[in-house]
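**Q** Let me begin by handing over the structure; questions about it come next.
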Amino acid sequence: MADTLIHTATAADAERCFAVLALAFCSDPPCRWTWPDPQQYLEAFPRFARAFGGSAIEHGAANYYEAFSGVALWLPPGVTPDEAALVSVLQDTVGAAQRDELFSMFEQMNAFHPREAHWHLPLIGVDPAHQGKGVGAALLRRVLDACDDAGVPRSDKCAKRSVIRAARV
């Protein structure tokens, strides 16, 4: 897959990026445990994606594959998710029992998050209509190769293992 099919998302592309991610995660078990009602999921997930990885767009580190078939939100070194917005969306949209477990999970993830400057991949997803075509691997490979070439650490714990394996082939 040619790198020319990957584009940098701008503020004008943000809603399309979040829509692709909502499609990509619509059958993800943790997401659907968090928001089991379809309408609730469709309203909450784009807000969650914006809070968790939306800063990638304003820092020029969000990529989409041709025709918005896939999106990767990378946070550059020193850029973090919008914690206040993340807490707000979870408090507004998640039931109390799940919310407490989610906050606990995020605290545990944070304990293992690298402390040195690094690139972080909070979200990567491919529209289900385009999955299995190498879109996710191409999006992932673009930044992984750049990090490796520059010797910059990265945190890509949200990426599925199969995509990471494919990107390394």
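**Q** Return the only residue of Ala84, Ala51, Ala44 being farther than 30 Å from Cys147 by Cα and in a helix (DSSP H, G or I).
**A** Ala44
**Q** Out of (1) over 28 Å from Phe103 (Cα atoms); (2) in contact with a Phe, Trp or Tyr (Cβ under 8 Å, 6 or more places away or on another chain), what's the single condition that is false for Val20?
**A** The single condition Val20 does not satisfy is (1).
**Q** I'm checking my understanding of the structure. Among residues of the range 111-132 that are part of a loop (DSSP other than H, G, I, E, B) and in contact with a strand residue (DSSP E or B) (Cβ under 8 Å, 6 or more places away or on another chain), which one is modelled with the lowest pLDDT?
**A** Filtering the range 111-132 for residues that are part of a loop (DSSP other than H, G, I, E, B) and in contact with a strand residue (DSSP E or B) (Cβ under 8 Å, 6 or more places away or on another chain), the one modelled with the lowest pLDDT comes out as His113.
**Q** Of everything in the range 3-17, what is part of a helix (DSSP H, G or I) and either under 11 Å from Tyr64 (Cβ atoms) or without any contact (Cβ under 8 Å) to a residue 40 or more places away in the chain (or both)? Give them in sequence order.
**A** Thr4, Leu5, Ala12, Asp13, Ala14, Glu15, Arg16, Cys17 - these are the residues of the range 3-17 that are part of a helix (DSSP H, G or I) and either under 11 Å from Tyr64 (Cβ atoms) or without any contact (Cβ under 8 Å) to a residue 40 or more places away in the chain (or both).
**Q** Further question: Tell me, which residue of the range 1-25 that is under 11 Å from the mean Cα position of the chain (by Cα) and small (Gly, Ala, Ser) is nearest to Asp92 (Cα to Cα)?
**A** Ala22
**Q** In the set Ala146, Ala137, which member is more than 21 Å from Phe45 (Cβ to Cβ) and either touching a residue at least 60 places away in the same chain (Cβ under 8 Å) or assigned to a strand (DSSP E or B) (or both)?
**A** Details: Ala146 fails: either touching a residue at least 60 places away in the same chain (Cβ under 8 Å) or assigned to a strand (DSSP E or B) (or both).
Just a single option satisfies the conditions, and that option is Ala137.
**Q** I'd like to verify a number: residues in the range 1-22 that are under 17 Å from His130 (Cβ atoms), modelled with pLDDT of 95 or more and either in contact with a Pro (Cβ under 6 Å, 6 or more places away or on another chain) or among the small types (Gly, Ala, Ser) (or both), how many?
**A** Total satisfying the criteria: 4.
**Q** Does the range 26-34 include one or more residues that are surrounded by 21 or more Cβ atoms within 10 Å (Cβ to Cβ) and over 16 Å from Ala12 (Cα atoms)?
**A** Yes, the range 26-34 contains a residue that is surrounded by 21 or more Cβ atoms within 10 Å (Cβ to Cβ) and over 16 Å from Ala12 (Cα atoms).
**Q** Might you let me know whether the range 26-36 holds any residue that is under 13 Å from the mean Cα position of the chain (by Cα), touching a residue at least 12 places away in the same chain (Cβ under 8 Å), part of a helix (DSSP H, G or I) and over 18 Å from Val87 (Cα atoms)?
**A** For the range 26-36, residues under 13 Å from the mean Cα position of the chain (by Cα), touching a residue at least 12 places away in the same chain (Cβ under 8 Å), part of a helix (DSSP H, G or I) and over 18 Å from Val87 (Cα atoms): absent.
**Q** Out of everything in the range 57-78 that is surrounded by fewer than 20 Cβ atoms within 10 Å (Cβ to Cβ) and modelled with pLDDT under 95, what residue ends up being nearest to Val143 (Cα to Cα)?
**A** Top of the filtered list is Pro76.
**Q** Which condition number does Arg47 fail, the rest of (1) over 25 Å from Val143 (Cβ atoms); (2) at pLDDT 95 or above being met?
**A** Unmet for Arg47, out of (1) over 25 Å from Val143 (Cβ atoms); (2) at pLDDT 95 or above: (1).
**Q** Could I ask something else about it? Out of all the residues in the range 47-57, is one or more in contact (Cβ under 8 Å) with a residue 60 or more places away in the chain and over 13 Å from the mean Cα position of the chain (by Cα)?
**A** Taking every residue of the range 47-57 in turn, none turns out to be in contact (Cβ under 8 Å) with a residue 60 or more places away in the chain and over 13 Å from the mean Cα position of the chain (by Cα).
**Q** Follow-up. Taking the conditions exactly as written (touching a His at 6+ places or on another chain (Cβ under 9 Å) and modelled with pLDDT under 95), does Leu86 satisfy them or not?
**A** Taking the combined requirement at face value, the residue does not satisfy it.
The values are calculated or read from the model by the stated rules, or taken from the named source; none is laboratory data. Remember, it's a predicted structure, so these values are computed and weren't measured experimentally. Cβ sites come from the backbone with ideal geometry, for glycine too, and all protein chains shown count toward neighbours.
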